[in-house]
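Where a number appears in this text, it was derived from the coordinates with a stated rule and is not lab data. Keep in mind that this is a model prediction, so the values were computed, not measured. Every residue, glycine among them, receives a Cβ derived from its backbone with ideal geometry; neighbour counts consider all protein chains shown.
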2 protein chains.
Amino acid sequence: MSGTPIILENLIDELSRLPGIGRRSARRIAFHILHKPPDDARALAKALNDFVDNVRFCSICGAISETDPCGICKDNSRQKRMICVVEEISDLLAIEASGSYCGVYHVLGGVLDPLSGIGPDELNLDSLVARVGEGGVEEVILATNPTAEGDTTAMFIARLVARFGVEVTRIARGLPVGGDLEFADKSTLARAIENRVPQK
Amino acid sequence: MSGTPIILENLIDELSRLPGIGRRSARRIAFHILHKPPDDARALAKALNDFVDNVRFCSICGAISETDPCGICKDNSRQKRMICVVEEISDLLAIEASGSYCGVYHVLGGVLDPLSGIGPDELNLDSLVARVGEGGVEEVILATNPTAEGDTTAMFIARLVARFGVEVTRIARGLPVGGDLEFADKSTLARAIENRVPQK
């Protein structure tokens, strides 16, 4: 097509590499950019470059940060005696967004999944054991996803840190707040009944 | 949230300004970028900057191009005696992609839409009249969308160029190729019957 400028084709190509964006959406985005002030596109380009140039992984917990250690590990107001173990950084951010946790984190970078070739060595486990072994930790909260892999990984970690005599807890499973009992799946309902707590 | 680095928040903010991308998709894209080589994100940033820095509008037809006149207007193998009038650059690209047209284009930059305050002055019409008036043009093909606004705009242009005595045609309406008669809407079916052509 002599009609499509290379700069437009390039932009569409690059945009369509992003997850959830096909060539049609990419084209739509490109034309949106064309009709907006160029500084909007420049701001996005700068945000992309700033992100990949400056993103670091915290050497303590494995979270992303601009600094090492990360803001949470450096923060003296956070309780260092509680470590919340999550699969991914996005899980950490979700818990932070809930504002319900004042301890520190440990990001595994995945879950045990033998079928996909992910064993203990592929996860950020050695540093977790080292952190717990150093002392000062009283509780390890296992906040992996409530899936088969997440449960397996939680059990694995529980056994791994058992020798340090710390308390090991698992986040609660039950009905989501605002959820509907009628439409809950069987395992969630079973868990909700099994893990019932005294009504206050 | 002390847990979310500003560079990540910025990237999510900028991504979620794009059409069809909410904060959830933006976050997903950001984490995708995090797990890919940084050069992928840099390539996208470069494509964005290259696009807004180098995109030009052709002074003849209004298409986007890296050059002025654009590749199509400069191309001596294209028939200058046919001008295909389209609403948007994306329509031009769609026709180019079909490989079914060897003439030149004229991009209106919209359609007449009095309710949205878009009258003839808001469209790229003066330059179309000037092009046709210069002579050498034998046919004006009206390829605005088959919508109420597109039809109105087509009629308006037909009257506008009538004085030059050029042939004015409208792209055909009918059943889409591969379409199903049973599921076609009434107006499309009516058009398909009205505009029937001899079976070859």
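What separates the A:Arg173 label point from its copies, with the point 7 Å along Cα to Cβ, is 5.8 nm, written shortest first.
How high is the relative contact order of chain A, given as a whole-number percent (alpha carbon pairs under 8 Å, six or more residues apart)?
Numbers: 219 pairs, mean separation 25.8, N = 200.
Across chain A, relative contact order equals 13 percent.
Placing pseudo-labels 7 Å out from each Cα toward the beta carbon at B:Ser116 and A:Asp185 gives an inter-label distance of 4.3 nm.
Across peptide A:20-30, what mean number of C-beta atoms from other chains lies inside 10 Å of a residue's C-beta?
Numbers: counts 7, 5, 0, 0, 1, 4, 0, 3, 4, 4, 8.
That average works out to 3.
Extents of the protein assembly as shown, largest first, come to 94, 47, 41 Å (Cα atoms, principal axes, whole angstrom).
Per 0.36 nm of contour for each residue apart, how much would the distance between A:Lys200 and A:Ser100 grow if the chain were fully extended, relative to their Cα-Cα spacing? Kindly include the intermediate steps, with their values, before the conclusion.
On the way: separation 100, 0.36 × 100 = 36.00 nm, distance 1.95 nm.
Between A:Lys200 and A:Ser100, full extension yields an extra 34.0 nm.
Could you tell me whether the range A:29-128 comes out rounded, prolate or oblate from its Cα gyration tensor? Rule is a ≥ b ≥ c as square roots of the eigenvalues, rounded for a/c under 1.5, then prolate if a/b exceeds b/c, otherwise oblate. It is prolate, given that a/c is not under 1.5 and a/b is the larger ratio. Please give the helix A:23-34 orientation as an angle from the longest Cα principal axis of chain A, in degrees from 0 to 90, rounded to the nearest 10. Relative to chain A, helix A:23-34 is tipped by roughly 70 degrees. Shape of chain A from the C-alpha gyration tensor: prolate (a/c of 1.5 or more and a/b above b/c, with a ≥ b ≥ c the square roots of its eigenvalues).
By Cβ position, the chain B residue that hugs the axis carrying B onto A most closely, with its distance in whole Å, is B:Ala45, 2. Quick one: helix B:148-161 against the long Cα principal axis of chain B, what's the angle to the nearest 10°, folded into 0 to 90? Here the helix axis deviates by roughly 50 degrees.
Could you put B:Ser25, B:Ser100 in order, starting from the residue whose Cβ has the fewest other Cβ atoms within 10 Å?
Working: B:Ser25 18, B:Ser100 7.
Ordered by Cβ neighbours within 10 Å, fewest first: B:Ser100, B:Ser25.
Taking every DSSP helix (H) stretch of at least 4 residues in chain A, weighting each as -39,500 (n - 2.57) and dividing the sum by the residue count yields a mean residue ellipticity at 222 nm of -12500 deg cm²/dmol.
Annotation for A:Asp53, label-to-label distances across the other copies: 1.3 nm (shortest first, one decimal, point 7 Å from Cα along Cα→Cβ). Within a straight-line Cα-Cα reach of under 17 Å, B:Lys46 can be paired with the following lysines, leaving aside sequence neighbours fewer than 8 residues apart in one chain: A:Lys46, B:Lys36. From the alpha carbon centroid of the range B:143-200 to that of the range B:83-131 is 16 Å.
Between the helical axis of A:38-54 and the longest alpha-carbon principal axis of chain A there is an angle of about 40 degrees.
Ascending distances from the B:Pro69 label point to its copies in the other chains, with the point 7 Å along the Cα-to-beta-carbon line: 6.8 nm.
Give me the number: length gained by fully extending A:Lys36 to A:Glu134, i.e. 0.36 nm times residue separation minus the C-alpha to C-alpha distance, one decimal in nm. Present the calculation step by step, with values, prior to reporting the outcome.
Numbers: separation 98, 0.36 × 98 = 35.28 nm, distance 5.42 nm.
Gain in length upon complete extension: 29.9 nm.
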